[in-house]
């Protein structure tokens, strides 16, 4: 999400669809929401119940709600001297501030929007969601609102699913880069790039099958053969 990259893409790849990786949009949202929590926490009396909740249970606010078991078995909380589950604690935290409650609601709404909308649904509801962020008038979200406005086309393009129902992102290419990095580490050095390239293509593409044909040729490196050597016995 850098302006220069976008300009370069539109200038030199004129037939491509420029899309923003949803991961980076969510990261901006998470960062801005974290600042909302920190600013409210810093207004609380140090070591008060409010400060404790915002400091100790920050992960409960920031984590994807789908990945949290809110209906867990209540556990004894020494601070409040009672048994509480995560749903009760989350309510206690959100009740501390109307601003925090609204910021949390908007964060989770955008996450749901990003996760569940089709391209057509995203186009229809995008401006409505942006207006909700604007109307909330939460200063920490000003940056995120500007991102939603300035990168609207590229964010909406990320909802397209042209390849095996995958959203347009660089997640797949990063996955491939990680595997190639592992191959390089396992190889402990490359002396024949052409051979390594073919082995990588074969390993990464399940649709490629090895077969002997009359056009098969070796890419063995030519040069002076290695001389004899002695193995050192320990």
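Just so you know, all these numbers are worked out from the coordinates, no wet-lab data involved. It should be emphasised that the depicted structure is a prediction, and the values quoted were computed from it without experimental measurement. Virtual Cβ from ideal backbone geometry, glycine too; neighbours counted across all protein chains shown.
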Discussion item. Please compute the Kirkwood hydrodynamic radius of region 16-122 from all pairs of different C-alpha atoms, in Å with one decimal.
Written reply: 15.4 Å
Worksheet item: Which angle between 0 and 90 degrees, to the nearest 10, do you get for helix 22-41 versus the longest principal axis of the chain when only C-alpha atoms count?
Response: 30 degrees
Worksheet item: Roughly what angle does helix 119-136 make with the longest principal axis of the chain, taking Cα atoms, 0 to 90 degrees, to the nearest 10?
Response: 40 degrees
Worksheet item: If you take the beta carbon distance between residue 91 and residue 23 as r and set R0 to 25 Å, what does 1/(1 + (r/R0)^6) give as a FRET efficiency, to the nearest 0.05?
Response: 0.30
Worksheet item: Among 176, 128, 185, whose mean-square fluctuation peaks in a Gaussian network model of the chain (Cα, cutoff 10 Å)?
Response: 185
Worksheet item: Quick one: length gained pulling residue 71 to residue 15 fully straight, 0.36 nm per residue minus the C-alpha distance?
Response: 15.2 nm
Worksheet, complete the sentence: A chain fully extended from residue 164 to residue 80 at 0.36 nm per residue, minus the present Cα-Cα distance, gains in nm 25.2 nm
Worksheet item: Could you give the nm distance between label points at residue 195 and residue 119, where each point is 7 Å from its Cα heading toward the beta carbon?
Response: 4.4 nm
Worksheet item: Computed FRET efficiency, Cβ-Cβ of residue 1 and residue 42, R0 25 Å: what is it to the nearest 0.05?
Response: 0.35
Worksheet entry | Computed label-point distance, nm, for sites residue 101 and residue 149 using a 7 Å Cα→Cβ extension | 2.8 nm
Worksheet item: Separation between the residue 207 and residue 134 pseudo-spin-labels, each 7 Å from Cα along Cα→Cβ, expressed in nm?
Response: 4.4 nm
Worksheet item: Across all directions of projection, what mean area in square nanometres is found for the Cα convex hull of the chain?
Response: 24.7 nm²
Practice prompt. Please work out the Cα center distance from region 21-43 to region 133-210, rounded to the nearest Å.
Written response: 23 Å
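By how many nm would the segment from residue 57 to residue 177 lengthen if fully extended, with 0.36 nm per residue of separation less the alpha-carbon distance?
Between residue 57 and residue 177, full extension yields 39.7 nm more.
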